[in-house]
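The values are calculated or read from the model by the stated rules, or taken from the named source; none is laboratory data. Because the structure is predicted, anything quoted here is derived from the model rather than measured. Note: ideal-geometry Cβ built from the backbone for every residue, glycine included; neighbour counts use all protein chains shown.
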Amino acid sequence: MDVEEVVSGVLEGDRRATARAISMVEDGADDLPELIEGLFSKTGNAYSVGLTGSPGVGKSSLAAELVKAVRSRDRSVAVLAIDPTSPFTGGALLGDRLRMQTHATDPEVFIRSMATRGHLGGLALAAPEAVRVLDASGADIILIETVGVGQAEVEVATAADTTLVVVAPGWGDAVQASKAGILEIADVFVVNKADRDGAAEAARDLEIMLKMGPEMEWVPPVIRTSTVNDEGIDELWEAIESHRKHLEASGELDRRRRARLLREVEEMVSVRLRDRAASMLERGAMEKLAVDLVARRVDPYRAADILVGEVGREDR
Ligand SMILES: Nc1nc2c(ncn2[C@@H]2O[C@H](COP(=O)(O)OP(=O)(O)OP(=O)(O)O)[C@@H](O)[C@H]2O)c(=O)[nH]1
Ligand SMILES: [Mg+2]
């Protein structure tokens with residue numbers, strides 16, 4: 001399949017082409033720019049929902065439940081599980097696939113896991129590109145699950161329109177969440193495993209934290225769910241829908257999407273500049289600069305300015 005075939009396949013919603021395109025993103029393929037060029041004008045229609053939270057809180061189980069909720073509303077859905085730490089899709093994701101198998105034969109459901117090590121821009125670029133592919137393939141709703149904690153979560157969360165922060169009873173939630181900067185990115189809090197003891201306390205802790213925090217235009221609701229007895233799933237879907245309505249009505253959706261695009265471009269620029277600067281230094285093109293630097297005739301700030309200038313010039 002050449003890039004043109006992949007592009008037209010994705011736009012027709014062909015699963016094989018879509019899978020191929022995601023692999024190109026995953027590997028950071030050389031012809032990625034052509035792929036994105038072919039798809040970009042056809043994107044911007046899907047609504048994306050990020051699921052983030054500590055390992056084992058039930059993100060994948062919730063995603064499977066949300067797939068059901070979306071399908072019962074007659075919309076198509078794609079699930080993307082991103083593992084930013086692994087060069088290959090590991091055992092956990094394989095388990096996820098099995099959990100999703102009830103949807104395996106539904107043509108309106110697309111499920112895929114992705115590692116991001118091969119991509120030069122890493123997670124920051126791979127996530128939005130993969131979402132773009134799924135968007136172009138016609139998915140109405142895109143669920144993005146991040147495997148991993150900390151910065152990676154925050155990065156992936158910012159690639160989604162609505163971010164769900166998932167916790168489970170006894171996670172030691174509120175404190176950990178605020179430390180990791182997770183509180184700030186939540187549009188909706190989900191206390192999963194509500195069938196277990198401590199769910200009410202966890203929900204209350206979060207609500208207290210929210211009350212103590214700064215005033216917000218949108219106060220993230222705290223929804224209790226259980227994937228073992230279907231508790232709270234419809235409520236969760238409704239919370240996502242009302243957040244979407246809030247974003248649309250306030251103009252915040254457009255602002256967020258614009259900011260995301262600009263951040264993506266900024267990231268691309270920084271990857272490129274770093275790459276070219278490194279290659280210039282490696283092949284000794286800046287030998288005089290190196291000599292001047294070592295001899296203390298030029299200081300590092302000045303050297304950086306010169307290098308940035310040279311990188312720009314070399315490109316023309
Ligand atoms: N009791 C209970 N167990 C649950 C619930 N949801 C998920 N689990 C179980 O919790 C475990 C982890 O669920 P996953 O959905 O794989 O969690 P995850 O957050 O995707 O995990 P990672 O992808 O490894 O970070 C599994 O054994 C699930 O069966 C729930 O609502 N109640
Ligand atoms: Mg999972």
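Conditions tested, residue by residue: (1) within 16 Å of ligand 1 (Cβ to nearest atom); (2) in contact with a Lys or Arg (Cβ under 6 Å, 6 or more places away or on another chain); (3) more than 17 Å from residue 165 (Cα to Cα).
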| site | (1), (2), (3) |
| --- | --- |
| 202 | yes, no, no |
| 215 | no, no, yes |
| 225 | yes, no, no |
| 240 | no, no, no |
| 272 | no, no, yes |
| 277 | no, no, yes |
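Looking only at helices (runs of 4 or more DSSP H) that lie completely in the stretch 10-82, which have at least 1 residues being under 17 Å from the mean Cα position of the chain (by Cα) and within 16 Å of ligand 1 (Cβ to nearest atom)?
Here the list reads 59-72.
Could you pull out the residue among 107, 87 that is more than 16 Å from ligand 1 (Cβ to nearest atom), at pLDDT below 80 and assigned to a loop (DSSP other than H, G, I, E, B)? I'd like the intermediate steps shown before the answer.
Values: 107 fails: at pLDDT below 80.
Criteria check complete, one pass: 87.
Within the stretch 196-220, which residues are touching a Leu at 6+ places or on another chain (Cβ under 9 Å) and surrounded by fewer than 16 Cβ atoms within 10 Å (Cβ to Cβ)?
Once the filter is applied, which keeps residues that are touching a Leu at 6+ places or on another chain (Cβ under 9 Å) and surrounded by fewer than 16 Cβ atoms within 10 Å (Cβ to Cβ), the stretch 196-220 yields 213, 216, 218, 219.
Conditions tested, residue by residue: (1) assigned to a loop (DSSP other than H, G, I, E, B); (2) at pLDDT 90 or above.
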| position | (1), (2) |
| --- | --- |
| 176 | no, no |
| 189 | no, yes |
| 197 | yes, yes |
| 201 | no, yes |
| 205 | no, no |
| 211 | no, no |
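May I ask you to list the residues in the stretch 272-299 that are assigned to a helix (DSSP H, G or I) and in contact with a helix residue (DSSP H, G or I) (Cβ under 7 Å, 6 or more places away or on another chain)?
Answer for the stretch 272-299, where residues must be assigned to a helix (DSSP H, G or I) and in contact with a helix residue (DSSP H, G or I) (Cβ under 7 Å, 6 or more places away or on another chain): 273, 276, 277, 280, 289, 293.
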